[in-house]
Amino acid sequence: MTVQEGYQYAKKAYEKWGINVDEVLNKLKQVPISIHCWQGDDVGGFEVNASELSGGIDVTGNYPGKARTPEELRQDLEKALSLIPGKHRVNLHAIYAETGGEAVDRDQLEPKHFENWVKWAKDNGLGLDFNPTVFSHPKAEDGLTLSHPDPEIREFWINHCIASRKIGEYFGKELGSACLTNIWVPDGYKDVPSDRLTPRIRLKDSLDRIFAEEIDEAYNIDAVESKLFGIGSESYVVGSHEFYLGYALKNNKLCLLDTGHYHPTETVSNKISAMLLYSDKLALHVSRPVRWDSDHVVTLDDELREIALEIVRNDALDKVMIGLDFFDASINRVAAWTIGTRNMIKALLYAMLVPNDHLKKLQEEGNFTDRLALIEEFKTYPFGAVWDYYCDQMGVPVKEGWLEDVKAYEQSALANR
């Protein structure tokens with residue numbers, strides 16, 4: 001069966017349930033995924049005086065071919081993007097600044113240090129998002145930054161975050177697409193603290209100062225990201241979910257949910273509808289935790305499908321800003337981007353090909369038998385045939401065909417590094 005024949009067969013199956021597959025694909029084209037640059041170089045960055053990874057972040061594996069320069073990283077991103085259907089965004093950390101060999105500390109970063117990224121984004125029709133890098137630095141060695149008891153250290157990180165917002169504004173103005181600037185800090189304690197409140201007071205004060213200057217949301221959108229625990233902060237994290245949820249609601253900021261930042265029995269999918277009742281928008285960093293916040297490559301698992309279903313069936317595609325956050329150095333890094341991003345898009349397509357309104361009606365009527373039966377049957381509907389057609393129409397490889405492209409790229413580019 002050809003791709004076209006498979007698509008026609010699938011269309012008929014879905015049309016029985018009132019699902020217009022052509023309209024679904026047109027809608028899917030409009031959904032950008034923010035692809036994180038740091039998969040390509042194991043969260044290394046390009047600082048002149050780079051520090052070892054810290055802040056509860058660890059990258060394992062030594063697969064050959066990681067990007068060593070901004071040019072190589074952009075080249076690898078272009079390769080991955082050529083294998084992923086749709087138009088998307090790229091998410092940068094501050095450590096990916098290009099300073100021309102000059103040692104520029106993070107509180108002194110300026111838009112000019114990201115001019116090459118903006119030019120590249122323009123050439124490729126991409127939006128850019130941003131994150132201050134509040135880890136892997138001598139002033140973060142004890143695991144405290146914006147909540148640090150030393151006012152000089154706090155001041156350094158406040159100024160870094162202020163500078164990051166200005167860089168985000170620059171991205172938005174230059175690219176005509178608002179930049180999501182997200183703040184995450186690793187602050188916390190390994191053992192049970194004797195005072196949980198005071199560090200949170202300091203963190204709140206730091207954030208208030210960072211956000212004191214209003215920036216037009218047409219250019220920069222602010223987000224804050226929580227975490228339950230990390231390496232070195234097993235017992236207490238200052239910026240907990242409750243802290244940032246309250247701060248975001250009170251101060252009109254986006255709350256960003258990272259799927260690896262909660263207890264293993266918590267699911268981000270369950271939080272989306274509750275939070276959208278009180279927030280116009282929210283943001284996601286989609287990852288795959290394995291026992292802890294291990295940032296494995298995103299797979300098409302139950303939770304990813306459920307996240308996509310919550311976004312789609314609640315008509316929230318324009319309310320939830322979807323980004324990715326994983327880093328695996330044990331496999332080909334271009335393949336990691338391709339697998340994870342294609343899976344995120346697949347999950348959205350799957351959710352769009354479910355008769356969500358009918359299933360909602362069954363629930364309201366108390367018809368749980370039909371609801372469960374249909375949910376299970378739709379898991380084996382021919383959504384794969386629609387995905388193949390979408391990839392073909394968007395000019396990217398169908399099925400596993402992309403893997404041969406990655407292998408060829410590995411031989412021609414990555415193997416020479």
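Just the number, please: Stokes-Einstein D of segment 339-417 in µm²/s, Kirkwood Rh from C-alpha pairs, 25 °C, 0.890 mPa s.
It comes out at roughly 161 µm²/s.
How far is the Cα center of segment 5-25 from the Cα center of segment 87-115, in Å?
45
Grab the beta carbon distance between GLU5 and GLU376, set R0 = 22 Å, and tell me the FRET efficiency rounded to 0.05.
Given R0 = 22 Å and the Cβ-Cβ separation, E is 0.25.
Once you place label points 7 Å from the Cα toward the Cβ at LYS250 and LYS27, how far apart are they in nm?
3.8
Sort out for me the Cα centre separation of segment 377-417 from segment 173-237, rounded to whole Å.
With segment 377-417 and segment 173-237 each reduced to a Cα centre, they are spaced 37 Å.
Under 10 Å, Cα contacts only: if you run a Gaussian network model on the chain, which one of ASN367, ASN252, ASN49 comes out with the highest mean-square fluctuation?
Greatest mean-square fluctuation among the candidates belongs to ASN367.
Any idea how far the Cα center of segment 51-79 sits from the one of segment 238-280, in Å?
Taking the Cα centre of each part, segment 51-79 and segment 238-280 sit 29 Å apart.
Roughly what % antiparallel, to the nearest 5, for the DSSP beta bridges in the chain? Before the final figure, lay out the partial values.
Working: 5 of 31 bridges.
Here the share of antiparallel DSSP bridges comes out near 15 percent.
Between GLU71 and ALA316, what is the label-point separation in nm under the 7 Å Cα-to-beta-carbon projection?
Computed distance between label sites ALA316 and GLU71 equals 4.4 nm.
Report the extension gain between GLU141 and ALA408 in nm, rounded to one decimal, defined as 0.36 nm multiplied by the number of residues separating them, less their alpha carbon distance.
Working: separation 267, 0.36 × 267 = 96.12 nm, distance 4.09 nm.
Net length gain for the segment: 92.0 nm.
Over the chain, with a Gaussian network built from C-alpha contacts below 10 Å, which listed residue (ILE345, ILE158, ILE19) shows the highest mean-square fluctuation?
Largest GNM mean-square fluctuation: ILE19.
Tell me what the chain gives for mean residue ellipticity at 222 nm when only DSSP H runs of n ≥ 4 count, each as -39,500 (n - 2.57), the sum divided by the residue total, rounded to 500 deg cm²/dmol.
-13500 deg cm²/dmol
Assuming 0.36 nm per residue, please report the length gained on full extension of the stretch GLU365 to VAL192 beyond their Cα-Cα distance.
Gain on stretching GLU365 to VAL192: 57.5 nm.
Taking a quarter of the surface of the convex hull around the Cα atoms of the chain, what do you get in nm²?
The directionally averaged projection comes out at 20.8 nm².
In whole percent, what relative contact order does segment 132-218 give with Cα contacts below 8 Å and a gap of six or more residues?
Computed over segment 132-218, the figure is 40 percent.
Where does each of GLU174, GLU242, GLU234 land when they are ranked from fewest to most other beta-carbon atoms within 10 angstrom?
Final ranking by Cβ density, sparse to dense: GLU242, GLU234, GLU174.
Counting other beta carbons within 10 Å of each Cβ, put MET1, MET352, MET275, MET394 in order, fewest first. The partial results should precede the final answer.
On the way: MET1 9, MET352 25, MET275 18, MET394 15.
Fewest to most other Cβ atoms nearby, the residues stand as MET1, MET394, MET275, MET352.
Size of the dipole of segment 31-352 about the Cα centre, Lys and Arg at +1 and Asp and Glu at -1 on the beta carbon, nothing else charged, in debye to 20?
Dipole of segment 31-352, to the nearest 20 debye: 740 debye.
Is any helix in the chain, taking whole DSSP H runs, at least 24 angstrom long along its axis by alpha carbon and on average at least 0.5 on the Kyte-Doolittle scale, and which ones?
Sorted by number, the helices that extend far enough and score high enough are 333-352.
With springs connecting C-alpha atoms under 10 Å apart, model the chain as a Gaussian network and identify which of LYS27, LYS204, LYS166 has the largest mean-square fluctuation.
Between LYS27, LYS204, LYS166, it is LYS27 that shows the largest mean-square fluctuation.
Pairs to check: LYS173/LYS360; LYS119/LYS250; LYS11/LYS227; LYS166/LYS271; LYS11/LYS66; LYS16/LYS227. Give those whose C-alpha atoms are more than 32 Å from each other in this structure.
LYS173/LYS360; LYS119/LYS250; LYS11/LYS227; LYS11/LYS66; LYS16/LYS227
Bear in mind that the values in this text are calculations on the coordinates, not laboratory data. The structure displayed is predicted, hence computed values, not measured ones. All Cβ positions, even for glycine, are placed from backbone atoms using ideal geometry, and neighbour counts span all protein chains on display.
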